[in-house]
Amino acid sequence: MKQDKDLETLVRQRIRSLRVARGWSLDELAQRCLVSPSTLSRIETGHRRVALDQVATIARVLGITLDRLVESDADDDVVIRPHCDEDRGVTTWLLSRDSNQTVAKMRITREVPAELRVHPGRDWFTVLAGTIALRLGERTILVGTNEAAEFSTLVPHAFGAHDGPAEILCILDHEGERSHLGPHHPPSGRPPAAPSR
């Protein structure tokens with residue numbers, strides 16, 4: 001019985017993680033699956049049992065096989081799952097487990113934060129999609145798709161999405177990781193925990 005609960009919890013977490021990774025709201029995924037947003041919300045939060053026909057449809061819409069959706073999660077040393085921080089408007093995939101530098105893919109939905117940060121080191125990122133507004137001191141620089149930025153982090157800085165969500169690939173040192181990935185993000189030696197919502 002516990003194994004069934006564990007599997008159902010895993011499926012719920014994967015559905016939510018895949019939805020968030022694609023940047024879809026509950027409404028968008030529900031519409032694509034032909035279910036109501038409230039039904040999908042109850043499935044993700046565990047307030048409704050997951051029916052096999054619903055799981056099959058959701059998996060197909062998310063572009064994953066049913067086998068992959070329900071397979072054991074004992075693969076955290078291989079699979080990199082997204083970590084969503086809705087409060088900060090950032091979804092992060094840690095692409096490295098090196099203790100000196102962090103390589104991360106980030107999906108940014110927030111605008112540039114008002115608070116500029118300073119820390120030792122240098123940051124580097126390339127924009128995979130969208131446009132990033134980078135504030136360096138008094139300057140605001142727009143960095144578009146297929147462009148990159150590299151700068152001293154001793155200059156007060158912050159970045160956010162400009163005119164819609166953006167995705168970046170960034171390299172951060174230890175200080176940059178703490179500053180940009182947030183206090184609730186696991187250190188780069190461990191994979192992120194699956195989101196709880």
Rg to Rh for the range 9-93: what is it, with Cα atoms only and Rh by Kirkwood? 0.94
Sequence gap at least 6, Cα distance under 8 Å: using those rules, report the relative contact order of the range 107-176 to the nearest whole percent. 48
Ordering VAL143, VAL61, VAL70 by how much accessible area each has at a 1.4 Å probe, largest first, what is the list? VAL70, VAL61, VAL143
Stretchable slack from ARG122 to ALA148, in nm (0.36 nm times residue separation minus alpha-carbon distance): 8.0 nm
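Efficiency by 1/(1 + (r/R0)^6): what FRET value for THR57 and ALA114, r their Cβ-Cβ distance, R0 = 41 Å, to the nearest 0.05?
Calculated value: 0.45.
The values are calculated or read from the model by the stated rules, or taken from the named source; none is laboratory data. These numbers were taken from a predicted model, which means no experiment stands behind them. Please note: Cβ atoms are built from the backbone with ideal geometry, for glycine as well, and neighbour counts cover all protein chains shown. Accessible surface areas use protein heavy atoms only, side chains included; no ligands, DNA or RNA. Shrake-Rupley method; radii C 1.70, N 1.55, O 1.52, S 1.80 Å.
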